[in-house]
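Read through the structure below, which is laid out as structure tokens, and then see the notes.
The values are calculated or read from the model by the stated rules, or taken from the named source; none is laboratory data. This structure is a prediction, so every number in the text was calculated from the model and none was measured. Here the Cβ positions follow ideal geometry from the backbone for every residue, glycine too, while neighbour counts run over all protein chains shown.
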Amino acid sequence: MIKSMTGYGSAKGASGKLEISIEVKGVNNRYLDCSVKLPRVFSSLEETLKAIVQNHISRGKVDVFIVIDSTNADDVEIKLNRPLMEAYLATLNEMTVAYGLTGGVSAMDLTRFPDVLYAEKREADAEQLSNDIAAVLLEALAGFNNMRSREGEKLSRDISERLDEIEKLTAIAEEASPRRAEEYRKKLEIRLMEVLQGANIDEARILTEAAIFADRIAINEETVRLRSHIAQLRDMLGSDEPIGRKIDFLVQEFNREANTIGSKGNDAEMARLIVDMKAGIEKIREQAQNVE
């Protein structure tokens, strides 16, 4: 079943105590244009995540928003600057001996000196984090694709209805074509009778002129091709492959055949048929703009 390019999906997960939230949004675009927005500190994962999106989507403007919340993470570690502490301690002992000072030095005393203790953030496991973000992204993409499939079903039904209407109009045009040739033959015979005023009429000449006219207005080739395009598009609607660009091409062929049929018609009935047919083709073209 075809998919729409418009959709939305979201998912949440975790990597250790990091909370991951991902949203995927898609709208129409001629080609695939994917952007991944995530915290700068994790920017090295951008290309990997883009590749995942490209494996699941072939067409559309797709934006992926990734939020990583480290509020509850316990990745901060307090460390002791041992060389600096020992230097402070040695200096204090030297002062005690040199000046006859009394009283000892406690650990609390040492912590008051600058930079004896410092905080350091533990590095996350990059590979594990990448895998965890990818898993959440896949879940968001699944929701995104489900929505696109539901929209695709609606598009498919609408396009199918337009094809049914175009096929009906094609059948009417096929029926009208030989009738118009017969009407032309009768009109030609009446005119000749009026001009010749009852003289012998060359029936063979009338048949020849009627045959030439019938050949000139014949639309058999165009309607055969048009029916072929209709059948091809119906087959495409049942495909799981991206078909948006193929529909774009087929719609051009639909218009080409309709224009040719219209150019061969020279009466009001055929003109109305072609106007209705091209209106249906235009509706298909509009809907195809949202098909992946």
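Of all residues in the stretch 6-20, exactly one satisfies the criterion of being touching a helix residue (DSSP H, G or I) at 6+ places or on another chain (Cβ under 7 Å) and in a loop (DSSP other than H, G, I, E, B), namely Thr6.
Scanning the stretch 106-126 for residues that are at pLDDT below 80 and of a type in the set (A, V, I, L, M), which turns out farthest from Leu18 (Cα to Cα)? Going through the qualifying residues, I end up with Ala119. Listed by position, the helices (runs of 4 or more DSSP H) enclosed by the stretch 187-292 that each have at least 2 residues that are of a type in the set (Lys, Arg) and modelled with pLDDT under 80 are 203-217.
May I ask you to say which residue of Val53, Val24, Val97 is outside any loop (DSSP other than H, G, I, E, B), surrounded by fewer than 11 Cβ atoms within 10 Å (Cβ to Cβ) and not small (Gly, Ala, Ser)? Write out each step before concluding.
Values: Val53 fails: surrounded by fewer than 11 Cβ atoms within 10 Å (Cβ to Cβ); Val24 fails: surrounded by fewer than 11 Cβ atoms within 10 Å (Cβ to Cβ).
Of the residues listed, the single one that is outside any loop (DSSP other than H, G, I, E, B), surrounded by fewer than 11 Cβ atoms within 10 Å (Cβ to Cβ) and not small (Gly, Ala, Ser) is Val97.
The residues of the stretch 64-86 that are at pLDDT 85 or above, surrounded by 16 or more Cβ atoms within 10 Å (Cβ to Cβ) and within 37 Å of the chain's Cα centre (by Cα), listed by number, are Val64, Ile66, Ile68. When the test is whether a residue is at pLDDT 85 or above and surrounded by 12 or more Cβ atoms within 10 Å (Cβ to Cβ), Leu89 passes it.
Does any residue of the stretch 53-69 turn out to be aromatic (Phe, Trp, Tyr), in the same structural domain as Leu141 (by TED's automatic domain parsing) and in contact (Cβ under 8 Å) with a residue 24 or more places away in the chain? Outline the logic, then answer.
Step one: of the stretch 53-69, the residues aromatic (Phe, Trp, Tyr) are 65.
This time we only want the ones that are in the same structural domain as Leu141 (by TED's automatic domain parsing), so: 65.
Add one more test, that the residue is in contact (Cβ under 8 Å) with a residue 24 or more places away in the chain, and what stays is 65.
For the stretch 53-69, residues aromatic (Phe, Trp, Tyr), in the same structural domain as Leu141 (by TED's automatic domain parsing) and in contact (Cβ under 8 Å) with a residue 24 or more places away in the chain: present.
Of all residues in the stretch 122-149 being of a type in the set (D, E, K, R) and touching a Lys or Arg at 6+ places or on another chain (Cβ under 9 Å), which is surrounded by the fewest Cβ atoms within 10 Å (Cβ to Cβ)? Result: Glu139.
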